[in-house]
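Okay, so here's the structure we're looking at.
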Amino acid sequence: MTRARRRRLIRTRRTMTGIALVGSISFLAGMTDATGLLLTGDFVSFMTGNTTRAALALSQGNLYHAAVLISAILVFVLGNAAGIVIAHFSQRRIFVVLGCVGLVLALASMMTMQNLLLARFYLIVLAMGMVNAAVEQIEGLPIGLTYVTGALSRFGRGIGRWIIGDRRIEWTIQIVPWGGMLLGAIAGALLTRLTGAHALWLVSLFAMVLALAAMFIPRPLQRRFNQKIAPHRSAVARAK
């Protein structure tokens with residue numbers, strides 16, 4: 001086997017592992033999104049929609065609902081930040097991030113009393129923010145797990161570039177998170193209609209299963225799925 005062919009095989013394995021991982025986590029995100037929407041009536045990952053709905057609520061004088069949605073946006077941002085911090089300090093970053101997501105969803109599933117429903121909503125939003133830190137890129141291509149507007153936009157632009165002569169096809173990977181989220185949302189909607197609030201238990205269990213499956217991914221490969229931290233300028237200056 002030539003060195004060039006060996007490199008192609010290794011790159012193909014990395015890409016296929018990443019695609020399987022993204023598809024699975026997007027499926028989890030879709031399940032959580034549909035379940036959260038049916039249980040709470042508000043989006044738990046679609047922050048563009050929550051921003052618009054918050055603006056509409058403000059225009060109608062519904063300050064309480066606007067405050068709930070704006071708070072959800074802040075919680076989502078904090079969830080993303082928490083996921084990155086957790087991933088950074090973890091040796092098995094995908095396992096730990098998905099494990100934390102599963103634990104947060106399990107905690108949310110226990111909040112069935114009327115006075116805890118708002119806290120349950122925010123915990124689901126927090127989990128949806130955290131899960132984005134599990135995989136950020138595949139072979140240098142940015143990947144979104146809980147929002148697919150950007151993925152569809154990149155997919156459409158890839159089609160446009162292909163039409164005008166650019167024959168690279170890496171952009172086709174962007175359809176994976178959309179497909180995963182669509183199928184996951186269908187599964188989440190069916191589970192919620194069949195089991196009600198108990199669907200959150202099943203979603204958290206699925207997150208735990210994914211976390212355990214991620215244990216079989218070598219740590220060097222897991223690190224390739226996350227963006228590298230740019231060194232601080234002062235640190236670079238000291239190194240010089």
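The values are calculated or read from the model by the stated rules, or taken from the named source; none is laboratory data. Keep in mind that what you see is a predicted model, and the values were worked out from it rather than measured. All Cβ positions, even for glycine, are placed from backbone atoms using ideal geometry, and neighbour counts span all protein chains on display. Heads up: the accessible areas ignore ligands, DNA and RNA and are worked out on the full protein's heavy atoms, side chains in. Shrake-Rupley method; radii C 1.70, N 1.55, O 1.52, S 1.80 Å.
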One residue is enough: does region 175-189 have a residue meeting the conditions over 22 Å from Ile143 (Cβ atoms), assigned to a helix (DSSP H, G or I) and in contact with a helix residue (DSSP H, G or I) (Cβ under 6 Å, 6 or more places away or on another chain)? yes
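Going by what's in this entry, would Thr48 be described as modelled with pLDDT under 90 and polar (S, T, N, Q)?
yes
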Just need a number here: residues in region 97-116 that are surrounded by fewer than 21 Cβ atoms within 10 Å (Cβ to Cβ), assigned to a helix (DSSP H, G or I) and touching a helix residue (DSSP H, G or I) at 6+ places or on another chain (Cβ under 7 Å). 3
Residues of region 173-204 being of a type outside the set (A, V, I, L, M) and open to solvent by less than 60 Å² (accessible area, probe 1.4 Å), which ones? Gln174, Pro177, Gly179, Gly180, Gly184, Gly188, Thr192, Thr195, Gly196, Ser204
Only one of these conditions is not met by Ala87: (1) in a helix (DSSP H, G or I); (2) modelled with pLDDT under 90; (3) open to solvent by 50 Å² or more (accessible area, probe 1.4 Å). Which number is it? (3)
Quick test of your reading of the structure: Ala20 fulfils all but one of (1) within 22 Å of Phe121 (Cβ to Cβ); (2) within 18 Å of the chain's Cα centre (by Cα). Name the failing condition by number. (1)
Which pairs have Cβ atoms under 6 Å, sit 6 or more apart or on different chains, and link a residue in region 107-130 that is under 13 Å from Ala197 (Cβ atoms) to one that is loosely packed, with under 14 Cβ neighbours inside 10 Å? Met111/Ala119
Taking Arg168 as the residue in question, decide whether it is of a type in the set (Lys, Arg) and under 17 Å from the mean Cα position of the chain (by Cα). no
Checking Ile159 against (1) at pLDDT below 90; (2) more than 21 Å from Gly99 (Cβ to Cβ); (3) surrounded by fewer than 19 Cβ atoms within 10 Å (Cβ to Cβ), which test does it fail? (1)
Among Thr48, Thr52, which is the only one that is of a type in the set (S, T, N, Q) and in contact with a Ser or Thr (Cβ under 9 Å, 6 or more places away or on another chain)? Thr48
Does Ala67 qualify as being surrounded by fewer than 21 Cβ atoms within 10 Å (Cβ to Cβ) and farther than 30 Å from Trp171 by Cβ? yes
Return the pairs, sorted by first residue and then second, in which the second residue is open to solvent by less than 60 Å² (accessible area, probe 1.4 Å), the first residue lies in region 164-184 and is hydroxyl-bearing (Ser, Thr, Tyr), the beta carbons are less than 7 Å apart, and the residues are 6+ apart or on different chains. Thr172/Gly158
Looking at region 32-60, I want the residues that are assigned to a loop (DSSP other than H, G, I, E, B) and have a partner that is aliphatic (A, V, I, L, M) and open to solvent by less than 50 Å² (accessible area, probe 1.4 Å) with Cβ atoms under 7 Å, at least 6 apart or on another chain. Which pairs are those? Asp42/Leu69; Asp42/Ala72; Val44/Ile124; Val44/Val125; Val44/Met128; Ser45/Ala29; Ser45/Met128
Restrict the check to region 144-152 and report whether at least one residue is open to solvent by 50 Å² or more (accessible area, probe 1.4 Å) and part of a helix (DSSP H, G or I). yes
Is there a residue being under 16 Å from the mean Cα position of the chain (by Cα), among the hydroxyl-bearing types (Ser, Thr, Tyr) and surrounded by fewer than 19 Cβ atoms within 10 Å (Cβ to Cβ) anywhere in region 37-51? yes
